[in-house]
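Each remark here refers to the structure printed beneath this line.
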Amino acid sequence: MKIVTLNKDQFNRFASKHRYRNLYQTSAYAKSMLRFGYSVHFLGFVNEKNSLIGATFIAYKEVFMNYKIAYAPRGILFDFIDSNQVRAMVEKLKQVLGKQGFMLLRMDPYIPITIRSNDGNIININNEENIILENLATAGFEYKGKNLYFENEKPRWEALVLLNKPTQMIFESFDKRTRNKIRKALNSGIQIYKDANQNIKPLYEFIKKSERKPASYYQELCKNFKDNFNIYYAKINPEAFVITSQKMYEQEIQNNEQLAEQIQTYDTNDKERMNILNKKMESDKLMTVYKNHMLMATELLKKQPEGIIIGGAIVIDYDKAAYILSEGFSDEYSTLNANYLMKWQIICDYSNKQFKYVNLGGIAGNFKEENEYSGLNETKLGFNPVVSEYIGEFDVILNNFAYGLFKNFKKNK
């Protein structure tokens, strides 16, 4: 086996046809990394018949005494079933990259090992998983394990909404809570639109705290992915918000009064009376919410009659799949559920384009126990996605001496 340098066209041709192709293993994503202190390189793996059998884009930085650490995002694109080829690949990586000052290579192949329902139950299993893990371990890769949260460079768990049904059937498959939140957002005068000018500035105000990436990062992605890059915004129409919030408040007052009357018709210990009492308590809460919405809407109409942007999302499409790469929304208007309506609009748009799925992004792999990501999971899993669990992250040491020095340096720092 040989390692060769590929140009971006050679790399793209191979990557676009690979079984585990993805938007992170593209020259567009590689070019975006150049602007942020990374160097990039396109590597090819050629067999004895001079055929290209693997490829990857790597991003790297010098981190210690001119030595470098490299990362192959959602790569390497390779057949990890062939143990001999995996060992040969690692030997060549050590020979070539190790001599070029690389200490370590990290990768997280885009290989799903299970497909699960939105409650975590396994639907399908990749029967090649154990073979791949054994081959990588034998070749010298250190496995980071089957972690449940966001310990890796990229999420190990992602939620994918399949677009294999008419949109009405997709909507009906969502859980009741999600459907209700989408309807409430519509009734709150929220409008979702795509920004034809791809202006990142308003959205960046919502995402900069959580993402911790400069605005130029997203501008670079926009430039390099071009027509495959879209920015969605959620905007409140104040006039519609005033009208709908008042209408919903008045309807809830009527509902609340009817429930109060019904309570009086049942005996104290009647189960039906308790059921109605619970509905009355829920109605009391809704009345408070709708009243606050009325006040919010009135104030907004006075101050910003032209409307206000309250959130947005970046979507990149690749290989007939849409990836929600980043999203952010105003905390002040969180009760309006703009994030639910945004996802629904994206699902509708890409369903109409006959895409395969919308990738809602990372979730936690813990479906049972309460954890810090339970709210994130609840939001995304309410859209009835399938969950793709990926194989995970691996490191291979390319220069033992240099990496040993680096670890000692970090330990003593």
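The values are calculated or read from the model by the stated rules, or taken from the named source; none is laboratory data. The structure displayed is predicted, hence computed values, not measured ones. No Cβ is skipped: glycine too gets one built from the backbone with ideal geometry, and neighbour counts run over all protein chains shown. Each accessible area value is taken on the protein alone, full model and side chains, heavy atoms only, with ligands, DNA and RNA left out. Shrake-Rupley method; radii C 1.70, N 1.55, O 1.52, S 1.80 Å.
Under 8 Å for C-alpha pairs, at least 6 residues apart: give me the relative contact order for the chain, rounded to a whole percent. The partial results should precede the final answer.
Values: 726 pairs, mean separation 102.5, N = 413.
Relative contact order of the chain: 25 percent.
Think of the range 76-208 as a dipole: +1 on every Lys or Arg Cβ, -1 on every Asp or Glu Cβ, centred on the Cα centre; then among Asn187, Leu148, Phe206, Asn187 lies furthest on the positive end. Counting 0.36 nm for each residue step from Ala137 to Asn275 and taking away their Cα separation leaves a gain of 43.9 nm.
The charge dipole of the chain, taken about its Cα centre with unit charges on the Cβ of Lys, Arg, Asp and Glu (plus for the first two, minus for the last two), comes to roughly 1560 debye.
Ordered by 1.4 Å accessible area with all protein chains kept, Ser330, Ser39 run largest first as Ser39, Ser330. Translational diffusion of the chain, estimated by Stokes-Einstein from the Kirkwood radius over alpha carbon pairs at 25 °C in a medium of 0.890 mPa s, is 101 µm² per second. Over the range 201-301, accessible surface divided per residue gives 62 Å², non-protein components excluded, 1.4 Å probe. Springs join every pair of Cα atoms under 10 Å in this Gaussian network model of the chain, and among Leu381, Leu34, Leu104 the largest mean-square fluctuation is at Leu34.
Relative to the compact-globule scaling 2.2 N^0.38 Å, provide the ratio for the alpha-carbon radius of gyration of the range 4-85.
Numbers: Rg = 13.2 Å, N = 82, 2.2 N^0.38 = 11.7 Å.
The value comes to 1.12.
Highest GNM mean-square fluctuation among Lys291, Lys280, Lys68, for the chain modelled with Cα contacts below 10 Å: Lys280.
When only the Cβ of Lys, Arg, Asp and Glu is charged (+1, +1, -1, -1), the dipole of the range 70-196 relative to its Cα centre reaches about 640 debye. Apolar share of the accessible surface for the chain: 47 percent from carbon plus sulfur atoms, 1.4 Å probe. Set the bar at 25 Å for Cα to Cα. Now go through Lys280/Lys302; Lys94/Lys320; Lys213/Lys356; Lys247/Lys303; Lys201/Lys303; Lys209/Lys407 and name every pair that lies beyond it. As for pairs spanning more than 25 Å Cα to Cα, those are Lys280/Lys302; Lys94/Lys320; Lys213/Lys356; Lys209/Lys407.
Percent antiparallel among DSSP beta bridges with both residues in the chain, to the nearest 5? Kindly include the intermediate steps, with their values, before the conclusion.
Values: 61 of 69 bridges.
Percentage antiparallel, nearest 5: 90.
Only Lys, Arg, Asp and Glu carry charge here, each on its Cβ (+1 for the first two, -1 for the last two); on that basis the range 1-135 has a dipole of about 600 debye about its Cα centre.
I need the Kirkwood Rh of the range 260-413: take the reciprocal of the average 1/r across all distinct C-alpha pairs and report it in angstrom. List each step's numbers first, then the result.
Numbers: mean 1/r = 0.0473 Å⁻¹.
Roughly 21.1 Å, rounded to one decimal.
Just name one of Val90, Leu160, Gly328: the one whose Cα is farthest towards the positive end of the charge dipole of the chain (beta-carbon charges, Lys/Arg +1, Asp/Glu -1). It is Val90. Projecting the Cα atoms of Asn399, Pro112, Asn130 onto the charge dipole of the chain, computed from C-beta unit charges around the Cα centre, puts Asn399 farthest toward the positive end. Using the rule -39500 (n - 2.57) for each DSSP H run of four or more residues, divided by the residues of the chain, the 222 nm mean residue ellipticity is -14000 deg cm²/dmol. Of the residues Glu306, Glu282, Glu153, the one that moves most in a GNM of the chain with alpha-carbon contacts below 10 Å is Glu282.
Taking every C-alpha pair closer than 8 Å and separated by at least 6 residues, the mean separation divided by the residue count of the range 321-396 gives a relative contact order of 33 percent. Taking the DSSP bridge list for the range 37-180 and keeping only pairs wholly inside it, about 75 percent are antiparallel. Projected onto planes of every orientation and averaged, the convex hull of the alpha-carbon atoms in the range 42-88 covers 4.2 nm².
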